[in-house]
Amino acid sequence: MSAEIPVVGPLVLLGDHLHSHAGFAFSVSPQRGGRAPELDDFEVLEWVGRFLARIHTVGAAKPFVHRPALDVQSFGTESMEWLLTHNMVPLDVQAPWREKCQNAINIIASQAYFKLDKGQKDHDIATIRLHGDCHPGNILWTPTEAPNGGPHFVDLDDARSGPAVQDLWMLLSGDRRQRTTQLSALIDGYEQFRPFDRRELALIEPLRTLRLIHYSAWLARRWQDPIFPINFPWFGSSDYWTSQIHMLEEQIEAMQEEPLMV
């Protein structure tokens, strides 16, 4: 592509990239090999940061026509209400899960960026088109000495509009010091092509919390697909929801701490 973005996108077949069969929508993409990127290698992180900046430069050029925004209502409130309405949370843990979930949502909704949900734009952090689900499993890495070597980004199913940091925070792991060092390498690469607004660092933990809630609803909504119980056998038990309560407690604390600084 002219923008040099290594995304494995769908092929245009018969004049279109989206097709249907037996009531199912599908697309066909070219085969690409690769392995998970070594995110403990700072050169790899810088490389990924550079390509994310290129993706975001294209993403900032114009808004989505049909894709929704990453907001509190769809990721947080609607996910929570769907899980409760469909009795996906066992009764023995439902009340504490609902309480922690609502507390977390309230904290997120009070932040300036997420007040967009209520039409109160009292910030100027940019909202752009994103990959949306940029975790390490959605990056295929090929040897750098090979033609077109480096990262290839896959799985654009969850593309949404939101802050740029949404495509960075899922690549961080470890303790605070490790995450700060990783983030610094990512941003070093990113800013070779595009400036990064440091105010977005305060959105990392709210975004992580929204994904935590949304992911449970995402699994539950697809539970009738036979492949899901096979691939996610741990989902839905009281132990699973108890662990979610603990994770929400941790996120409530994390959202009240100072954000990472680079």
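The values are calculated or read from the model by the stated rules, or taken from the named source; none is laboratory data. Because the structure is a prediction, the values reported are computed rather than measured. So basically every Cβ, Gly included, is an ideal-geometry build from the backbone, and we count neighbours across all protein chains shown.
Which one of these is at pLDDT 95 or above, assigned to a helix (DSSP H, G or I) and of a type outside the set (D, E, K, R): LEU172, LEU186? Every option except LEU186 fails the conditions.
Inspect region 118-131 for any residue being part of a helix (DSSP H, G or I) and among the acidic types (Asp, Glu) and give the result as yes or no. Looking for residues that are part of a helix (DSSP H, G or I) and among the acidic types (Asp, Glu), one finds none in region 118-131, hence no.
Could you list, in sequence order, the residues of region 1-30 that are assigned to a strand (DSSP E or B) and more than 22 Å from GLY149 (Cα to Cα)?
First pass over region 1-30, keeping only residues assigned to a strand (DSSP E or B): 7, 13, 16, 19-21, 24-26.
Hits for region 1-30 are LEU13, ASP16, HIS19, SER20, HIS21, PHE24, ALA25, PHE26.
Does region 123-137 include one or more residues that are touching a residue at least 40 places away in the same chain (Cβ under 8 Å), over 30 Å from HIS17 (Cβ atoms), in contact with a Phe, Trp or Tyr (Cβ under 6 Å, 6 or more places away or on another chain) and surrounded by 20 or more Cβ atoms within 10 Å (Cβ to Cβ)? There is no residue in region 123-137 that is touching a residue at least 40 places away in the same chain (Cβ under 8 Å), over 30 Å from HIS17 (Cβ atoms), in contact with a Phe, Trp or Tyr (Cβ under 6 Å, 6 or more places away or on another chain) and surrounded by 20 or more Cβ atoms within 10 Å (Cβ to Cβ). Identify the residue in region 220-237 that is surrounded by fewer than 16 Cβ atoms within 10 Å (Cβ to Cβ), within 22 Å of GLN94 (Cα to Cα) and of a type outside the set (Lys, Arg) and, among all such residues, is nearest to the chain's Cα centre (by Cα). Checked region 220-237; the qualifying residue nearest to the chain's Cα centre (by Cα) is PHE232.
Rundown of residues vs (1) closer than 30 Å to LYS115 by Cβ; (2) outside any loop (DSSP other than H, G, I, E, B), yes/no style:
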position: ARG32; (1), (2): no, no
position: GLU38; (1), (2): no, no
position: ALA53; (1), (2): yes, yes
position: PHE64; (1), (2): yes, no
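When region 189-213 is limited to residues that are part of a helix (DSSP H, G or I) and among the acidic types (Asp, Glu), the one that is nearest to the chain's Cα centre (by Cα) turns out to be GLU205.
Within region 188-206, work out how many residues are surrounded by fewer than 22 Cβ atoms within 10 Å (Cβ to Cβ) and in contact (Cβ under 8 Å) with a residue 24 or more places away in the chain. Walk me through it before giving the result.
Step one: list which residues in region 188-206 are surrounded by fewer than 22 Cβ atoms within 10 Å (Cβ to Cβ), which gives 188-189, 191-202.
Filter once more, so that each one left must be in contact (Cβ under 8 Å) with a residue 24 or more places away in the chain: 188-189, 191-194, 196-202.
So the answer is 13.
For ASP41, the conditions (1) touching an Asp or Glu at 6+ places or on another chain (Cβ under 9 Å); (2) without any contact (Cβ under 8 Å) to a residue 12 or more places away in the chain; (3) within 24 Å of GLY189 (Cβ to Cβ) all hold with the exception of (1).
Does region 60-68 include one or more residues that are in contact with a helix residue (DSSP H, G or I) (Cβ under 8 Å, 6 or more places away or on another chain) and closer than 27 Å to PRO195 by Cα?
First pass over region 60-68, keeping only residues in contact with a helix residue (DSSP H, G or I) (Cβ under 8 Å, 6 or more places away or on another chain): 68.
Next, from what is left, pick out any that are closer than 27 Å to PRO195 by Cα: 68.
Within region 60-68, one or more residues are in contact with a helix residue (DSSP H, G or I) (Cβ under 8 Å, 6 or more places away or on another chain) and closer than 27 Å to PRO195 by Cα.
Condition check: part of a loop (DSSP other than H, G, I, E, B), hydrophobic (A, V, I, L, M, F, W, C) and buried (at least 19 other Cβ atoms within 10 Å of the Cβ). Does VAL44 satisfy that?
Numbers: part of a loop (DSSP other than H, G, I, E, B): no; hydrophobic (A, V, I, L, M, F, W, C): yes; buried (at least 19 other Cβ atoms within 10 Å of the Cβ): yes.
No: the conditions fail for VAL44.
Those residues that are surrounded by fewer than 16 Cβ atoms within 10 Å (Cβ to Cβ) and either farther than 27 Å from LEU203 by Cα or touching a residue at least 24 places away in the same chain (Cβ under 8 Å) (or both), I need them from region 97-110; list them, please. I'd like the intermediate steps shown before the answer.
Going through region 97-110, the residues surrounded by fewer than 16 Cβ atoms within 10 Å (Cβ to Cβ) turn out to be 99, 102-103, 106, 110.
Listed by number, the list holds a single entry, ASN103.
For the structure I just gave you, tell me whether ASN106 is part of a loop (DSSP other than H, G, I, E, B) and over 30 Å from VAL154 (Cβ atoms).
Details: part of a loop (DSSP other than H, G, I, E, B): no; over 30 Å from VAL154 (Cβ atoms): yes.
When the stated conditions are applied, ASN106 does not pass them.
Just name the residue that is nearest to LEU70 (Cα to Cα) out of those in region 173-187 that are surrounded by fewer than 19 Cβ atoms within 10 Å (Cβ to Cβ) and not charged (D, E, K, R). Once the filter is applied, the top-ranked residue is SER173. All but one of (1) within 29 Å of ALA95 (Cα to Cα); (2) in contact with a helix residue (DSSP H, G or I) (Cβ under 7 Å, 6 or more places away or on another chain) hold for TYR240; which doesn't? Failing condition for TYR240: (2).
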